[in-house]
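Visitor: The structure is given below, and queries will be raised subsequently.
The values are calculated or read from the model by the stated rules, or taken from the named source; none is laboratory data. Not measured: the values here are computed from a predicted model. Note that each Cβ is placed from the backbone with ideal geometry, even for glycine, and that neighbours are counted across all protein chains shown. Areas reflect the complete protein model, heavy atoms only, side chains present, ligands, DNA and RNA absent. Shrake-Rupley method; radii C 1.70, N 1.55, O 1.52, S 1.80 Å.
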Amino acid sequence: MKYAVFFLALLGVPPLAAILSFNKAWIKYAVWIMLGALAVYQNTAINFFSYEEYRGSSRGMEVSIVYLLALALIILAAIKSRLPKFIPSAGAWLYVIYFLLCLPSLTTAENRLFSWMEIWKMIMLYLTYLSVRAYLNVTDDVKSLVKGLAAFAVFNFLLVIKDHFAGVYQPKGVFPHQNGLAMAMHLFANMFFAYFLARGLNRAKFYTFAFVASAACIVRTYSRGALAMIPLSFAVTFTLSAFVALKKIPKGRIFARVAPLAIIGLAGLAAMLPRIIERFTEAPEASANTRVELALCAKEMILDEPWCGVGINNWGIKINPPYEYAERAGRITNRGDDFRDGIVETVYLLVGAECGVPALVAMIIWFFSYLFLSVRLTWRLAGTPYAAIPAGLAGGFVALYLQSCLEWTLRMQMNLILLFFFFALLDHLNANWRRLKNEYNESRVKEVKHVGA
């Protein structure tokens, strides 16, 4: 039945795109619905060739309402003659290169269907990226997209509160795992922290609340990696905001904005401190040992297949007999008929083991290109409201990429979809920064003349 519903929905995509083309405001609502669908992703996605018990980064060829709306936005852009190029930016080129370097791993894959599940996911993610670029090409409405992201963060926060009062030790909100929640909220919290620094509470109430909500989610997950990244990521955001994006604003005013929020944050942190300390001091030793053992297994795979890896999304197969990677790494396991070993807890080693060193290097360059782009855009857009976006995302990326040394979350679908949203937003700002800055400066001049008159 669900497949019939999916194909009916697919048939409705072109008419939906045609309807959206009649009213610019409807396009904004389509993006908000897209983010709303992401918030209920687990309940709306359909898995073709599903293998739910498999321990890998993809367990089926997943299709969601998010992707159908993404396709509608791309068709809409084509109708409006505002369709972006298929590879519209340097970051997109780096992703395509990374994707192509993953394909040779098909030659070493034990199960190519499992590999195609991950490849399908990578294609769908790129569709999402192009749809956000298409939306921004048609509307140039950065503000509505940021508002939609803020609403997503607030909705997620409400679910975390619900889980908190239900006695859930580590809530996960709309995400499939609490570590995915913590990592994603670093991007949201830092971006809206930069908005708060730029505008203050009076002019950015909703964004300030989104910042507080996102930061609270990070702390409440009790994720050790995410907690450790809080001081560093917010320090990066504050430095870029205060000394680059807002360099013409007196530093005393910026510190005055931060002080009350810092006091409230410290009070909340103090209330949760016993639980946070417990997470660091009473974490089971077996957890740390497992991380090390699985990392050694990944190392054995890389040594055997440095160029192609052991097969994209084939970790869950190659870690088991008849392959001896676990034994060679000294990992002791109780292997029964229904045995399923864990997945290596770092996205870098996972990609290196499954796809080879060239793909790993390409992924790292792709990731960090957006960190460098964020810093550069902060300089370019300094003095405009747009500068808060790259300034905040730079801090978020620092947390995301460092925490990824301990987590494989950046192979999870929801986290990657959100990451592509932010990448598309940065690429749009980079392609149009001169125009956006000139338009903002011209509007400021007109305001001054109007006040003077």
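Visitor: Taking region 28-69 as the region of interest, how many residues are open to solvent by less than 30 Å² (accessible area, probe 1.4 Å) and closer than 15 Å to Asn111 by Cα?
Guide: 5
Visitor: Then there is this: Working carefully through the options Leu294, Leu303, find the one that is without any contact (Cβ under 8 Å) to a residue 60 or more places away in the chain, of a type outside the set (Lys, Arg) and open to solvent by 40 Å² or more (accessible area, probe 1.4 Å).
Guide: Leu303
Visitor: What are the residues in region 382-407 that are part of a loop (DSSP other than H, G, I, E, B) and under 29 Å from Phe86 (Cβ atoms), if any?
Guide: Hit for region 382-407 is Ser404, nothing else.
Visitor: Looking at Trp379, Trp433, which one is more than 24 Å from Ala151 (Cα to Cα), touching a residue at least 60 places away in the same chain (Cβ under 8 Å), aromatic (Phe, Trp, Tyr) and part of a helix (DSSP H, G or I)?
Guide: Trp379
Visitor: Right, something else. Among what's in region 182-214 and is without any contact (Cβ under 8 Å) to a residue 24 or more places away in the chain and of a type in the set (Lys, Arg), pick the residue that is most open to solvent (accessible area, probe 1.4 Å).
Guide: Arg203
Visitor: Right, another one. With the requirement that a residue be surrounded by 13 or more Cβ atoms within 10 Å (Cβ to Cβ) and of a type in the set (Gly, Ala, Ser), what does region 159-177 give you?
Guide: Gly173
Visitor: From (1) open to solvent by less than 30 Å² (accessible area, probe 1.4 Å); (2) closer than 25 Å to Ile33 by Cα, pick out the condition that doesn't hold for Ser115.
Guide: Going through (1) open to solvent by less than 30 Å² (accessible area, probe 1.4 Å); (2) closer than 25 Å to Ile33 by Cα one by one, Ser115 breaks only (2).
Visitor: Further question on the same structure: Looking only at region 306-320, which residues are surrounded by fewer than 24 Cβ atoms within 10 Å (Cβ to Cβ), at pLDDT below 95 and within 19 Å of Ile119 (Cβ to Cβ)?
Guide: Gly316, Ile317
Visitor: Then there is this: State the number of residues belonging to region 163-188 that are part of a helix (DSSP H, G or I) and not hydrophobic (A, V, I, L, M, F, W, C).
Guide: Result for region 163-188: 6.
Yes/no matrix, rows are residues, columns are (1) free of Cβ contacts under 8 Å to residues at least 12 places away in the same chain; (2) within 26 Å of Ala353 (Cα to Cα):
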position	(1), (2)
Pro84	no, no
Gly91	no, yes
Leu101	no, yes
Thr139	no, no
Ser144	no, no
Lys147	no, no
Ile161	yes, no
Phe175	no, yes
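Visitor: Quick check: is even one residue across region 80-98 small (Gly, Ala, Ser), open to solvent by 10 Å² or more (accessible area, probe 1.4 Å) and modelled with pLDDT under 95?
Guide: For region 80-98, residues small (Gly, Ala, Ser), open to solvent by 10 Å² or more (accessible area, probe 1.4 Å) and modelled with pLDDT under 95: present.
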